[in-house]
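Okay, so here's the structure we're looking at.
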Amino acid sequence: MTTLRLADITFAYGDRVILEHLSLTVADGEFLVVLGASGGGKTTLLRLIAGLAAPTTGQIFFADEEVRAPSPQRGIVFQDYALFPWYSLRDNVALAVAKSEPRLSRRERRERAAEYLRAVGLGDAAAKYPHELSGGMRQRGALARTLALGSPLLLLDEPFGALDPHNRARLQNLLLEIWRAATPRRTVIFVTHDIDEALLLGDRIIALGSNPGRIIGEIKIDAPRPRSREDIITAENFRSYRAAIQACYCRRDDDEAVDGDGGGI
Amino acid sequence: MNLFITKTMRYLATAWAAVKELRRVKLWWVPMTIGIAILLELLLSNHDSQPATKYAYYRYLVFIALAFFLTLAVGAKFFPRWREKLLHISAFYTAVFLALNIYHLATQKFGLLPALFFPSPGRILEALVVDFRYLIVDCLGSSAKLLAWGYFTGAIAGFFTGIAVGFNKTAAYWVNPLTRIIGPIPPTAWIPIVLVAFPTTFSGGAFLIALAVWFPAAVMTGSGIANVPNAYFEVSSTLGASRWRQIFYVGIPAAMPSIFIGLFTGTCSSFITLMTAEMLGVKNGIGWYVNWQREMLSYANVYAGLIIIAITFYLLITLLFRLRDVVLVWQKGVIKW
Ligand SMILES: Nc1ncnc2c1ncn2[C@@H]1O[C@H](COP(=O)(O)OP(=O)(O)O)[C@@H](O)[C@H]1O
Ligand SMILES: [Mg+2]
């Protein structure tokens, strides 16, 4: 069943076209990865889906309703963590709980918030303020806050981009665990510029070309889960997926030999 | 000649050793300084330019101080925390008592300064003690009432003006030019108008103080809110926050550091306004007392009043700093000022 549908959307800042004629449907419970180079319009795409900006032309539908404004139905984890620095981790998450479970008392909300924090391994840091936390902890906090919203659609904008490889691997596992444990599964749109990450996480990968941003390829990843990081580098099927993705960008580079932005992948 | 140099060198070495020895006994610096002050007070006779006081207030003061710092120094042997504290404050209070001693010598003992304008510490203390009840209950009480009315009215009005300007374009359009024109006028410049326009000098004074606080509070609240990164509002809107929640959960907390800067500026200018208003129109309060005593040429009382003012304002500012530390724990270590 389709939950999200982008119907021929275009987005421009003034004369500058960022996204062009982009159409896309995402199924319920799907883990979709959007892959693209920096400055390619990935964040812009997520902002449109979140309702923080409106497409110049075209429409976005979520659960058969047109997206017009931000809603807790479409939770987003921003590229830079955007936790509120004036609240402790627990209070940051409690804000989201207040929206998803409005009938709880203040104390119950904080308890629920603490549960979400424990789920991302931040149980001990609940009373801390963002400035007291490392980058990885803040990112987990932001994830916990968005999870606490209970939104059926999760938008993740390069959430692990700023982390060291060790923390990144841990958080990737954590995200997959949380996604797979929930019934019904949430729909996830995960943005990254890292092919390995895309292969590890996605049911499907959308390759986004830049200048202007549009879909230049789409690969369905049929490999069973959990996937091992080693397989992603060495196994035969992943090699062919990788080659297919790279082919999308190469083809594009040939098309417009002068402006080979997508080659950065 | 050679002998002379060797001798000098030896003296210098001894002096240096003594200095090093002094550094080792830092805990005893203050008692030692006070001890010297007491010796000088007891050994030297008073200069007759300074009128005599009824009691030897200066002696009381130095003896009490001696007892206090001796207790601290002895206690430091037993409590490591006391020791740490005392080591920290030692140099400062040594300087304080040294300065007091020098002033005492210059006035009471040698009469180097004109006695009319520079009363000895003993005379200032006498003025403080004799007028204490009047200073605290009548003068300070009256000033506190005026300051509190003006300060809170101004701070609250400034806060709401700032919020309106920060969040509402129409309010900004109408109010911003007003704050820019009225704001920079020193509140005390209004005194000639306010004193005739207001029914009582109290209400006029309170209005002036309110004006003094209102301007920085409004400007800093408004600019604090205007400078909140838009990302925070976006985040809160994806969390489903309504407009009101955005104001109370994002805008105001994010603007708090800036609001406190406004309050500090406002506090300082409210003190200036309070003093000026009392000296120029309001017929009571600590500022009026200082001015009145000056007219009567009793400078010991002027100093006594100034001491009360200094202590009070110091306490109020400290209180505001504490409040800020509590409200802004979330940015501890982020911003220092
Ligand atoms: N507010 C803005 N005004 C003008 N151009 C913008 C703005 N925000 C982003 N852009 C441009 O849009 C393009 C896509 O940005 P973005 O969606 O952030 O890319 P990505 O997330 O893939 O790195 C970039 O070239 C960027 O310069
Ligand atoms: Mg981006």
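Okay, residues lined up against (1) loosely packed, with under 10 Cβ neighbours inside 10 Å; (2) of a type in the set (S, T, N, Q):
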position	(1), (2)
B:Thr8	no, yes
B:Ala13	no, no
B:Glu21	yes, no
B:Leu27	no, no
B:Leu44	no, no
B:Gln50	no, yes
B:Phe63	no, no
Checking the structure you have, find out if any residue of region B:48-61 is charged (D, E, K, R) and assigned to a helix (DSSP H, G or I). yes
If I ask for residues that are among the β-branched types (Val, Ile, Thr) and within 18 Å of B:Ala56 (Cβ to Cβ), which ones from region B:99-127 would you list? B:Thr107, B:Ile124
Residue that is within 8 Å of chain A (Cβ to nearest Cβ) and either open to solvent by less than 20 Å² (accessible area, probe 1.4 Å) or within 20 Å of B:Leu208 (Cα to Cα) (or both), where the choices are B:Thr238, B:Thr265: B:Thr238
So, B:Phe248, is that one open to solvent by less than 40 Å² (accessible area, probe 1.4 Å), within 14 Å of chain A (Cβ to nearest Cβ) and among the aromatic types (Phe, Trp, Tyr) or not? no
Given the conditions (1) within 16 Å of ligand 2 (Cβ to nearest atom); (2) of a type in the set (Gly, Ala, Ser); (3) part of a strand (DSSP E or B), report the number of the one that A:Ala12 does not fulfil. (1)
Restricting region A:21-46 to residues that are within 16 Å of A:Val67 (Cα to Cα) and more than 16 Å from ligand 1 (Cβ to nearest atom), the one least open to solvent (accessible area, probe 1.4 Å) turns out to be A:Val26
Quick one: which residue in B:Val129, B:Val137 is β-branched (Val, Ile, Thr), touching a residue at least 24 places away in the same chain (Cβ under 8 Å) and either open to solvent by 20 Å² or more (accessible area, probe 1.4 Å) or assigned to a helix (DSSP H, G or I) (or both)? B:Val129
Return the pair list, or none, for Cβ contacts closer than 9 Å from residues in region A:36-49 that are within 19 Å of A:Leu199 (Cα to Cα) to residues that are among the acidic types (Asp, Glu) and within 8 Å of ligand 2 (Cβ to nearest atom), at least 6 apart or on different chains. A:Lys42/A:Asp157; A:Lys42/A:Glu158
Quick check on my filter: what residues within region B:191-231 are aromatic (Phe, Trp, Tyr) and open to solvent by 50 Å² or more (accessible area, probe 1.4 Å)? B:Phe198, B:Phe202, B:Phe207, B:Phe215
Residue satisfying condition, being open to solvent by less than 40 Å² (accessible area, probe 1.4 Å) and polar (S, T, N, Q), within set B:Asn284, B:Asn291: B:Asn291
Residues that are among the polar types (S, T, N, Q) and closer than 23 Å to B:Ala206 by Cα, drawn from region B:116-172: B:Ser142, B:Ser143, B:Thr153, B:Thr161
Any idea how many residues of region B:33-42 are in contact (Cβ under 8 Å) with a residue 40 or more places away in the chain and either within 24 Å of B:Arg83 (Cα to Cα) or open to solvent by 100 Å² or more (accessible area, probe 1.4 Å) (or both)? 4
Could we say that A:Ala69 is open to solvent by 20 Å² or more (accessible area, probe 1.4 Å) and under 20 Å from B:Asn230 (Cβ atoms) here? yes
Region B:188-278: helices (runs of 4 or more DSSP H) wholly inside it with 1 or more residues that are within 14 Å of B:Phe167 (Cα to Cα) and either of a type outside the set (A, V, I, L, M) or not assigned by TED's automatic domain parsing to the domain that holds B:Ser142 (or both) are B:201-226, B:230-238
Per the list (1) in contact (Cβ under 8 Å) with a residue 60 or more places away in the chain; (2) open to solvent by 70 Å² or more (accessible area, probe 1.4 Å), residue check on B:Gly305 breaks on (2)
Pull up region B:308-337, narrow it to residues that are part of a loop (DSSP other than H, G, I, E, B) and within 14 Å of chain A (Cβ to nearest Cβ), then point me to the one that is least open to solvent (accessible area, probe 1.4 Å). B:Leu328
Would you mention how many residues in region B:279-295 are part of a helix (DSSP H, G or I) and not hydroxyl-bearing (Ser, Thr, Tyr)? 11
Which of the numbered conditions does B:Phe97 fail, given that it passes all the others? Conditions: (1) more than 27 Å from B:Cys268 (Cβ to Cβ); (2) open to solvent by 50 Å² or more (accessible area, probe 1.4 Å). (2)
When A:Val93 is run through (1) more than 14 Å from chain B (Cβ to nearest Cβ); (2) out of contact with any strand residue (DSSP E or B) (no Cβ under 9 Å at 6 or more places or on another chain), the failure sits at (1)
I need a count of the residues in region A:110-159 that are assigned by TED's automatic domain parsing to the domain that holds A:Val97, within 16 Å of ligand 2 (Cβ to nearest atom) and charged (D, E, K, R). 0
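The values are calculated or read from the model by the stated rules, or taken from the named source; none is laboratory data. All figures in this text were calculated on a predicted structure; none of them were measured in a lab. With ideal geometry, Cβ positions are generated from the backbone for all residues, glycine too; neighbour counts draw on all protein chains shown. Note: areas computed on protein heavy atoms with side chains; ligands, DNA, RNA excluded. Shrake-Rupley method; radii C 1.70, N 1.55, O 1.52, S 1.80 Å.
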